[in-house]
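Enquirer: Structure provided below as structure tokens; questions to follow.
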Amino acid sequence: MTGSPSLLFSLTELAVVISLAYSGASITNNQDDCHLTHIKVPVILDQGTVRLQSPEFTADNFSEPGVLCGIECQRKLPKPRPAELERLLSYETVYENGTRTFTKIKLEETAELKNASSSIVCQAGHLKRRKRQVYGMDGRFVITDKHFITKYPFSASVKLSTGCSGILVSPKHVLTSAHCVHDGQVYLKGTKRLRVGVMKLHSKRRGGGQRGDRRRGSEVATEGELLHREREHRRKRKNRIRRDTDSDRSRQPVFRWTRVKRTQVPTGWMRRAGREVSADYDYALLELKRPQKMKFMELGIVPVVKDIPAGRIHFSGFDNDQLGKVVYRFCSVLEESNDLMYQYCDAQKGSSGAGVYVRLRDQGGKGKWKRKLIGVFSGHQLVEVDGMEKDYNVAVRITPAKYAQICHWINGDASQCKLS
């Protein structure tokens, strides 16, 4: 029996997206030239932690940053001095019990940094924004198959109770956008009881009944009764197998929610008097109360994304127009700065905070293919280019300094933060 053309197209489309997501296929022929390189990572040390007043959870929703100055504008900005970079990378920590601390850091080996971070924010003024998060034909892929949703790399994507996405970077840590928990001045209302949802197959546990059909006392069964019992046993076993099969078919992925133990946000995201927030530091780390058993995505650094085949990036999230479904997409990076990647990956609200990754070879291009998390999807921005406003979807890249900071948050030990 031949399937309908629409069904065949859907199956073909699903096969293509799974192939791209799992194999990292490229349209170029230089895949073997793209591999992980050894990049010097600085060492971040905590200099001191002080107790702050209890945080305010009063922000309703975060309004996106104003117009960003373009690539030409960024090139004119001076690189931050070590002291300024240390200020930007110092951080706030909010705990589940409502307490808040500030930690000042010391950055060592700053002279070795290849990607020095720099602020690229210009004043927003009163410009009107156009919400163009989907460019032309929608190129997103909605992953509906329950077996793919609950397998890596899609299983590493998580949903925040504030409506954003995130990605597992350890069994107990989720990387997301800072604006998903903080608006630059105060924390969002939903952050006070923040939870993270992981997609897992729903299964109902059935209680066991009495086993067998044994007669009480010492009564001896006749041959006819034994034959009847055997037939009943076979019938019940057949029905049980059928119920188990039907139950497996009907099982659909659901969110398993876990409370957040603490939230960490870099000072670089905090709004200073007379200035807008900086998209360069739009990232935050969440520590979960319970570890997750699924595979997480490792951090990585790619100084120039355009050097990889097709300059292609991938990320999956929970877009609001596809409730309860994982949405995957990939695209090429068009422009990039020290801290941001500009692209036209189609996205809708809810995808902010999703982990941006690439697929590279380790061991100088001779080892296995690995997915490496190189950024966090921030959202739609207007960028100033040649004196004009241009639409982009923007992702915050992980620089060596940010890698050291996030790794320090995860492990608390600088010796474990060497880039592999």
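Read-outs throughout are calculated quantities, based only on the coordinates presented, and are distinct from any laboratory measurement. Quick caveat, the model's predicted, so the values are computed rather than measured. Here the Cβ is made from the backbone with ideal geometry for all residues, glycine too, and neighbour counts use every protein chain on show.
Enquirer: Which of the peptides 50-59, 293-302, 85-94 is most tightly packed, and how do the rest follow, judged by the mean count of other Cβ atoms within 10 Å per residue? Walk me through the numbers on the way to the answer.
Expert: Values: 50-59: 12.7, 293-302: 18.4, 85-94: 21.5.
By packing density, highest mean first, the sequence is 85-94, 293-302, 50-59.
Enquirer: Now for a different question. For the stretch 319-324, just list the computed ³J(HN,Hα) in residue order, Karplus coefficients 6.51, -1.76 and 1.60, θ = phi - 60°, integers in Hz, with x standing in for Gly and Pro.
Expert: 5, 5, 7, 9, 4, x
Enquirer: Could you pull out every residue, at least 5 positions away or on a different chain, whose amide H is within less than 5 Å of the one on His182? Hs are placed 1.01 Å off N in the peptide plane, and Pro or chain starts have none.
Expert: Under 5 Å from the amide H of His182: Leu188.
Enquirer: Next question. Between Arg271 and Lys40, what is the label-point separation in nm under the 7 Å Cα-to-beta-carbon projection?
Expert: Placing both labels 7 Å beyond Cα along the Cβ direction yields 3.8 nm.
Enquirer: Hey, another quick one. I'd like to compare 334-345, 184-195: which one has the highest average count of other Cβ atoms within 10 Å, and what's the full order after that? Could you put the intermediate results ahead of the total?
Expert: Working: 334-345: 21.8, 184-195: 17.4.
So the order, starting with the most tightly packed, is 334-345, 184-195.
Enquirer: For every other residue with a beta carbon closer than 13 angstrom to the beta carbon of Thr58, add +1 if it is Lys or Arg and -1 if Asp or Glu, then tell me the sum.
Expert: Numbers: positive: Lys189, Lys192; negative: Glu56, Asp60, Asp183.
Within the 13 Å Cβ shell, the charges total -1.
Enquirer: Exceeding 22 Å between C-alpha atoms, which entries from my cross-link table qualify? They are Lys159/Lys289; Lys104/Lys289; Lys106/Lys418; Lys40/Lys289; Lys146/Lys261; Lys189/Lys289. Intermediate values should be presented prior to the final figure.
Expert: Numbers: Lys159/Lys289 15 Å; Lys104/Lys289 25 Å; Lys106/Lys418 17 Å; Lys40/Lys289 32 Å; Lys146/Lys261 29 Å; Lys189/Lys289 20 Å.
Beyond 22 Å between Cα atoms: Lys104/Lys289; Lys40/Lys289; Lys146/Lys261.
Enquirer: Under 11 Å from the Cβ of Phe318, count the other residues' Cβ atoms, weight Lys and Arg +1, Asp and Glu -1, and hand me the total. Intermediate results must be reported in sequence, preceding the final value.
Expert: Working: positive: Lys159, Lys325, Lys349; negative: Asp319, Asp321.
That sum, taken over residues with Cβ under 11 Å, equals +1.
Enquirer: Taking θ = phi - 60°, what integer Hz values does the Karplus form 6.51 cos²θ - 1.76 cosθ + 1.60 yield along the stretch 335-344, in sequence order, with x for Gly and Pro?
Expert: Result, ordered by residue: 9, 7, 10, 4, 10, 10, 10, 9, 7, 10 Hz.
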